[in-house]
Amino acid sequence: METDSAANSLRSPTGIDHARFLAEDFSPLAYAQQQLASASEGTADDARFTHVLAQLQSQAAALERQAQATVQREQTALLEQIVGVRGVDSALSQAEEHVREIKAYMHTLRARIRVPHSQAAAYARQAGNLQAAAAGVRAVARFTQLARRLRTQMADALREERTSDWAAAAQTLGEIARTPLPAGVTLVEREMHAVDRHRVRVQAAGQQLIEEALVRHSASDAAAGLHVLGALGDLGDSVALRVRRGAAAWAAEVAAHPMAPAAPWSDVAALVDRLLDEGLRVRTLERALAVHDRRRADGASAAVRSLLGDHVLAFWWRAAVAALAARLLAPAVRSTLAAGFPRLARALFPKLEPLVLTRLGGMATARGAQGDEDPGVAVLWDGLLAPLAAQYVDAAAARMRTAVARCCVTPGIMDPRSASAAARCIAAEVHLAAAHVRLGAAVVAEAERSVRDFVHAAGTCITDASSGVECAAVVDCVAALRVAVRDADARLGDAADPAPLVERVHGAARDAALEAIANDDLAALEEALLRVQEATPTHGDVQPLFTAQRRHLVDRVQRAYVCAALLSFPLTEDVKLRVVGDVARVEFACSQLVALEGDAHAALRLLRPMLFMTAAELASALEGRELACVPAVDLASYVACRVVTDAGGSGDASIEAMMPWRLLGCSREQLRRRLVMGQSQDADDLLRAQQESLESLAAHAQQQPQHSELVQLATAAIGRLFANAQ
């Protein structure tokens, strides 16, 4: 708002803006040209000039009138400000007088201070120069004393050749190097030539001490040589240079070493010997650095690490393995070394164990995990052995797969000789690779796959059409494989477990036997059991498995036959005699497999007396413990068949409708198949049907007084069912 009011105050009453005339960059000529250009273009030049001039004169007159009006309007205020202006002028004059007095005083004070200060500065410069001269004299005197002592120490060192003398000389040279000497002193320059010669000799002596100590693998003597170099101030550079030169010399030696492509093992052994020798020297050097750091806290190891980029031994391992890998992984010898990788591992280990054992601060074992200090085994494996090991593992896996594939050239038949050869092949591959942990783990993994392929192939050879002799031969092959590979690795023994095959052989026989019982075909049952009898293995490890499976099979067959026999209906004399003969055949067929014993055999033997018991005797046996080995469900079925037969209702449809199978909505043959084959059947439904059947039959028999024994028999069977359910 203030800006707007100021701008408005610069406008003339005629509305002309005079602010442009107050601008610092105002140009009268430019303004005149602008006014002339803005005039009407059709007007003549004289008229245009006259018009512009009249306009400017009008503006000037208006501005003059405005100034007069402003002065007249503000006259009183202007007069009042005159007194204030005079007071300001008076105060300003007094201030200027005071400033002049202050300046005069400052000039006087500066003169009083400058002269003493200049004198003090001159005295200080003189004292500094005198002190520098004295320091130079003292330094020259100290240098002369050290040079004289150095000559004496060098004479003793050259005469006696003792380590302590070289160390003392190196200490003196270090003191000389740390002494600030003035330039241009003739005495110093003359003596410095001799000092430089002595430095070269001491440095060479220190390096010689280190090399001799490394040959003897003496870390303490090498530390003495390092002390000589450390006193000279050249420890880090000298050690780093020595390690680099050693790595370069090793690489040149490996590259120039002859290598027979067909039989490189002797050449590899020679290179490993050299690798061990040089590695022990570098190991001794690193231990000497550690000893030196404990004695002299000068950070020598840190300086060497900064120059090499890593620990001494780690740097050397990488360089040495890189040179060795470039030679041994060449196509000319790689295939030979990969094929004989276990031999290569034996050539490297245990030869390199002195270099990487824990007692030297390195690996826990040449075959084990890497230690914190020495990366040798890891670098050797990653840089050289890993590619060869991978190639060897692939070849070993191919050999094992080929050996397994040869076992079943003819589908469904396993060749025992080929199986034995495959077992020997797998065991041999595992034993060869067991010398190295990583290689052994990889080969064992491939061997486990081959073993599982072998077992799978063996399983495909066991079919329903296979004879017992063929099945036993297959199981013997798997058992022989397990024995062959179990000692090599426990996991392989688990993979070659013949138990599933044994179960498969007996499972097929069990299914065939149960099918024969369900179909009431004893000839087929005897054939199935004969097949199991023929499947007699010769290998001792699987015989207990066969015995256990046969025991289980025989028990299952006996129980199934008891269940089927007790469902015989009607129980005529001919049926009873046939069942007695069948029991003898079943018992004989089962006895050819295992010795008969247990509840299943007891139930089978009870069939014959049960068939010829009277109703009263059977009821008494049910109430006692004589028939405890016979399942209550089977007894209930038999009692139902017995009651209907003895009551003479076998041809009566109304009575047969009370039988358990009718209540379950199936035929007797269907119920027998379900119970024999162990097919799904709700036990509660079966129990309920049998209970309802017995109750109905008992009620029917109770209507005839001569059938009181049958009522007693049905009641005893119902009680047995209840007791079994509880």
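The values are calculated or read from the model by the stated rules, or taken from the named source; none is laboratory data. Source: prediction; values computed, not measured. No Cβ is skipped: glycine too gets one built from the backbone with ideal geometry, and neighbour counts run over all protein chains shown. The protein model used for the area step is the full one, side chains on, heavy atoms only, and it has no ligands, DNA or RNA in it. Shrake-Rupley method; radii C 1.70, N 1.55, O 1.52, S 1.80 Å.
Of note:
- Taking the stretch 136-191 and dividing mean pair separation by its residue count, relative contact order in percent (alpha carbons under 8 Å, at least six apart): 49
- Residue-wise HN-Hα couplings along the stretch 248-262, as the Karplus relation 6.51 cos²θ - 1.76 cosθ + 1.60 with θ = phi - 60° gives them from phi, are 5, 5, 5, 4, 5, 5, 5, 5, 8, 6, x, 9, 7, x, 7 Hz; Gly and Pro carry x.
- Debye log10 I(q)/I(0) for the chain, one point scatterer per Cα, at q = 0.06 Å⁻¹: -0.73
- Degrees between helix 312-328 axis and first principal axis of the chain (Cα, 0 to 90, nearest 10): 60
- The eigenvalues of the Cα gyration tensor, multiplied by 5 and square-rooted, give the stretch 143-301 an equivalent ellipsoid with semi-axes of 39, 16, 14 Å from largest to smallest.
- In degrees, nearest ten, helix 163-178 long axis to first principal axis of the chain (Cα): 40
- Computed [θ] at 222 nm, helices only, for the chain once each DSSP H run of length n ≥ 4 contributes -39500 (n - 2.57): -26000 deg cm²/dmol
- Largest-first principal axis extents of the Cα set of the stretch 130-228 (Å): 55, 23, 17
- Along each principal axis, taking the top coordinate minus the bottom one, the Cα set of the stretch 74-194 gives 117, 32, 20 Å in descending order.
- Cα-based helix-to-principal-axis angle, 219-232 vs the chain, degrees rounded to 10: 20
- For the stretch 491-564: rounded, prolate or oblate by the Cα gyration tensor [a/c cutoff 1.5]: prolate
- Taking the empirical scaling 2.2 N^0.38 Å for compact globular proteins as reference, the stretch 532-651 has a Cα radius of gyration ratio of 1.23.
- Counting Lys and Arg as +1 and Asp and Glu as -1 over every other residue whose Cβ lies under 15 Å from the Cβ of Asp497, the net charge comes to -2.
- Viscosity 1.306 mPa s, 10 °C: Kirkwood-radius Stokes-Einstein D of the stretch 477-526 over Cα pairs, µm²/s: 125
- Summing Lys and Arg as +1 and Asp and Glu as -1 over all other residues whose Cβ lies under 14 Å from the Cβ of Asp541 gives a net charge of -2.
- Computed with the Debye formula from one identical point scatterer per Cα of the stretch 620-664, without solvent, the log10 of I(q)/I(0) at q = 0.22, 0.25, 0.26 Å⁻¹ comes to -0.77, -0.88, -0.91.
- The stretch 491-613, accessible surface, carbon-and-sulfur percent (1.4 angstrom probe): 52
- Size of the stretch 245-340: Rg and Dmax of its alpha carbons, in Å, are 16.5, 53.
- With the biggest extent put first, the Cα atoms of the stretch 449-607 measure 64, 29, 20 Å across the principal axes.
- Enclosing the Cα atoms of the stretch 380-491 in their convex hull gives a volume equal to 80 cubic angstrom per residue.
- Environment charge of Thr144, counting only residues whose C-beta is closer than 15 Å and scoring Lys/Arg +1, Asp/Glu -1: +3
- Pairwise FRET efficiency - Ala683 versus Glu623, Cβ, R0 = 30 Å, nearest 0.05: 0.85
- Cα-based equivalent ellipsoid, the stretch 587-726: semi-axes from gyration tensor eigenvalues, Å: 25, 19, 14
- For the stretch 184-250: Kirkwood Rh in Å [reciprocal of mean 1/r, alpha carbons]: 13.2
- The stretch 528-596 and the stretch 306-340: distance between their alpha carbon centers, rounded to Å: 70
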